[in-house]
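The values are calculated or read from the model by the stated rules, or taken from the named source; none is laboratory data. Everything quoted here is computed from the prediction, not taken from an experiment. Because the Cβ atoms are built from the backbone with ideal geometry, glycine has one as well, and the counts that use them run over all protein chains shown. Keep in mind that these areas ignore ligands, DNA and RNA; they rest on the heavy atoms of the full protein, side chains included. Shrake-Rupley method; radii C 1.70, N 1.55, O 1.52, S 1.80 Å.
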Amino acid sequence: MAYATILTESRGPVGLITLNRPQALNALNAELLGELCTALEAYDADEAIGCIVVTGSAKAFAAGADIKEMAPQSYMDMFKADFFAQPHDRIVAIKKPIIAAVAGYALGGGCEIAMLCDFILAADTAKFGQPEINLGVIPGIGGSQRLTRFVGKSKAMEMCLTGRMMDAAEAERAGLVSRIVPAADLVDEAIKVATAIAEKSQPIVAMAKQAVNRAYEGTLAEGVLFERRLFHSTFATEDQKEGMAAFVEKRKPVFKQK
Ligand code: HXC
C-alpha cells in the first residue's frame with residue numbers, strides 16, 4: 001500500500017515503519033496518524049511479521065501533534081471528534097510488540113506515540129519532552145498518565161509543567177528508554193532486537209506483552225479519558241489560541257488568562 005506520510009518496509013520478520021514528513025519534523029497530522037495506525041494494523045495481521053519497529057528521521061522522531069492543524073480547532077471540534085482517541089486506541093490494540101527507535105526530537109504527541117510503543121530504544125541524540133504547556137494546552141494522547149508511570153511523579157510533573165526536554169542519558173536514568181545506542185546504529189540495532197523477538201513464539205510473545213501491560217496499566221484508561229477531556233477543554237481558552245498562533249507566526253506567546 002502506498003502511503004503519503006510514512007514509509008513501510010519488511011526486513012525479514014520485522015515490519016519497519018518510518019515517519020516521513022521531513023518538512024514538518026514528522027509533526028503528527030491526521031493523515032500521518034491514520035497511516036501509522038493502518039500500517040501497524042496491516043503488520044499486526046501479517047503472519048510473516050513478528051515484531052514492528054517505528055522510527056523517524058535523524059532530526060526528529062516526531063516534533064508533536066501538528067500545531068498548524070490544531071490551532072483553529074474549537075472545544076466542540078475536539079470533543080465531537082474525540083480528538084486523539086482513535087490513534088491512542090488503535091495503537092493500544094496492536095497485539096504484536098512495537099519498538100520505538102527514537103533519534104532527535106520526540107516531543108508532545110511524538111513522545112506520547114513513543115510511549116505507546118512497547119519499549120523505546122533511544123539514539124544518543126534523542127530528546128524527549130511534553131512542551132504542550134508552552135502552547136496553552138496539555139498532553140492529549142496519554143502523556144501525563146504514561147510519563148508519570150515511566151519516570152515517577154516528580155520528574156513527570158516537572159516535564160509537564162515546564163515543558164523542558166530530557167536528553168537520552170536522563171531518559172535512560174529515569175527509565176523512559178530501555179537503552180541508548182549510537183545514532184548511526186539505531187535502526188540496525190532496533191531491527192536486530194526486533195528480529196530476535198520475531199524469532200520467538202508469537203503467541204507467547206503476545207502473552208508476555210499482555211502480562212507486562214497488565215502490571216503497568218491499572219486505571220490508566222480512566223486517566224487517559226480524564227486527560228483527553230481536559231485537553232479538549234484547553235481549546236475553549238484564549239491562551240490556546242494565543243499559544244498556537246504565536247508558534248505559527250514564529251513569535252513568543254503572551255498568555256493573558258489568570
Ligand atoms: C507543526 C511543526 C511542528 C509541530 C515543527 N514544525 N514542529 N509544525 N506542528 N508540532 C514545523 C515548523 O513550523 C517548521 O515549518 C518546520 O517544522 C521545522 O521546524 P523549526 O521550528 O524551524 O525547526 P527547529 O528550529 O530545528 O526547532 C525544532 C523544534 C521546534 C524545537 C522541535 O520545531 C518546536 O518547538 N516544535 C514544536 C514542538 C512542540 O511544541 N510540540 C508539541 C506540539 S503539541 P516551517 O514551515 O515554519 O519551516 C502536541 C499536543 C499533544 O503535541 C496533545 C495531543 C496530541
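Could you count how many residues in the range 131-145 are more than 8 Å from the ligand (Cβ to nearest atom) and open to solvent by less than 10 Å² (accessible area, probe 1.4 Å)?
Going through the range 131-145, the residues more than 8 Å from the ligand (Cβ to nearest atom) turn out to be 133, 136, 142, 144-145.
Add one more test, that the residue is open to solvent by less than 10 Å² (accessible area, probe 1.4 Å), and what stays is 142.
Counting residues in the range 131-145 that are more than 8 Å from the ligand (Cβ to nearest atom) and open to solvent by less than 10 Å² (accessible area, probe 1.4 Å) gives 1.
For the structure I just gave you, tell me whether R164 is under 23 Å from A103 (Cα atoms), in a loop (DSSP other than H, G, I, E, B) and open to solvent by 50 Å² or more (accessible area, probe 1.4 Å). Walk me through it before giving the result.
Details: under 23 Å from A103 (Cα atoms): yes; in a loop (DSSP other than H, G, I, E, B): yes; open to solvent by 50 Å² or more (accessible area, probe 1.4 Å): yes.
For R164, the condition - under 23 Å from A103 (Cα atoms), in a loop (DSSP other than H, G, I, E, B) and open to solvent by 50 Å² or more (accessible area, probe 1.4 Å) - is met.
In the range 159-202, which residues are over 19 Å from the mean Cα position of the chain (by Cα) and of a type in the set (D, E)?
Result: D185, D188, E189, E199.
Based on this model, can you work out whether A39 counts as open to solvent by less than 40 Å² (accessible area, probe 1.4 Å), in a helix (DSSP H, G or I) and modelled with pLDDT of 95 or more? Spell out the reasoning first.
Numbers: open to solvent by less than 40 Å² (accessible area, probe 1.4 Å): yes; in a helix (DSSP H, G or I): yes; modelled with pLDDT of 95 or more: yes.
So A39 fits the description; yes.
Within the range 194-239, can you find the residues that are loosely packed, with under 12 Cβ neighbours inside 10 Å, assigned to a helix (DSSP H, G or I) and of a type in the set (S, T, Y)?
Matches in the range 194-239: Y216 only.
Look at C51 and say whether it is away from the ligand (no atom under 13 Å from the Cβ), of a type outside the set (D, E, K, R), over 26 Å from M165 (Cα atoms) and crowded, with 22+ Cβ neighbours inside 10 Å. Even if it seems obvious, please write down each step before you answer.
Details: away from the ligand (no atom under 13 Å from the Cβ): yes; of a type outside the set (D, E, K, R): yes; over 26 Å from M165 (Cα atoms): yes; crowded, with 22+ Cβ neighbours inside 10 Å: yes.
Against the criterion (away from the ligand (no atom under 13 Å from the Cβ), of a type outside the set (D, E, K, R), over 26 Å from M165 (Cα atoms) and crowded, with 22+ Cβ neighbours inside 10 Å), C51 qualifies.
Have a look at A30, A60, A24 and point out the one that is within 12 Å of the ligand (Cβ to nearest atom) and within 16 Å of F84 (Cβ to Cβ). Let's see the steps before the verdict.
Values: A60 fails: within 16 Å of F84 (Cβ to Cβ); A24 fails: within 16 Å of F84 (Cβ to Cβ).
On inspection, the qualifying residue turns out to be A30.
Name the residues in the range 1-14 that are out of contact with any Ser or Thr (no Cβ under 7 Å at 6 or more places or on another chain) and assigned to a strand (DSSP E or B), would you? Reasoning before the result, please.
Kept after step one, since they are out of contact with any Ser or Thr (no Cβ under 7 Å at 6 or more places or on another chain), are these residues of the range 1-14: 1-5, 8-11.
Those that are out of contact with any Ser or Thr (no Cβ under 7 Å at 6 or more places or on another chain) and assigned to a strand (DSSP E or B): T8, E9, S10, R11.
Identify all residues within the range 63-103 that are within 13 Å of the ligand (Cβ to nearest atom), open to solvent by less than 40 Å² (accessible area, probe 1.4 Å) and outside any loop (DSSP other than H, G, I, E, B); write none if there are none.
A65, I67, M70, M78, A85, P87, H88, I91
Among the residues of the range 240-247, are any free of Cβ contacts under 8 Å to residues at least 60 places away in the same chain, within 16 Å of the ligand (Cβ to nearest atom), open to solvent by 30 Å² or more (accessible area, probe 1.4 Å) and more than 22 Å from the chain's Cα centre (by Cα)?
Scanning the range 240-247 turns up no residue that is free of Cβ contacts under 8 Å to residues at least 60 places away in the same chain, within 16 Å of the ligand (Cβ to nearest atom), open to solvent by 30 Å² or more (accessible area, probe 1.4 Å) and more than 22 Å from the chain's Cα centre (by Cα).
So which pairs qualify, if the first residue must be in the range 155-169 and under 18 Å from I120 (Cβ atoms) and among the small types (G, A, S), the second must be open to solvent by 50 Å² or more (accessible area, probe 1.4 Å) and in a helix (DSSP H, G or I), the Cβ gap must be under 7 Å, and the two must be at least 6 apart or on different chains?
Taking only residues 6 or more apart or on different chains, the pairs are A156/T148.
Can you confirm whether the range 111-118 contains a residue that is assigned to a loop (DSSP other than H, G, I, E, B), β-branched (V, I, T), surrounded by 23 or more Cβ atoms within 10 Å (Cβ to Cβ) and within 11 Å of the ligand (Cβ to nearest atom)?
Within the range 111-118, the subset assigned to a loop (DSSP other than H, G, I, E, B) is 117-118.
Pick out the ones that are also β-branched (V, I, T) and you get none.
No, there is no match, as no residue in the range 111-118 is assigned to a loop (DSSP other than H, G, I, E, B), β-branched (V, I, T), surrounded by 23 or more Cβ atoms within 10 Å (Cβ to Cβ) and within 11 Å of the ligand (Cβ to nearest atom).
Name the residues in the range 67-95 that are farther than 21 Å from M115 by Cβ and not hydrophobic (A, V, I, L, M, F, W, C), would you?
The answer is K68, E69, P72, Q73, S74, Y75, D77, K80.
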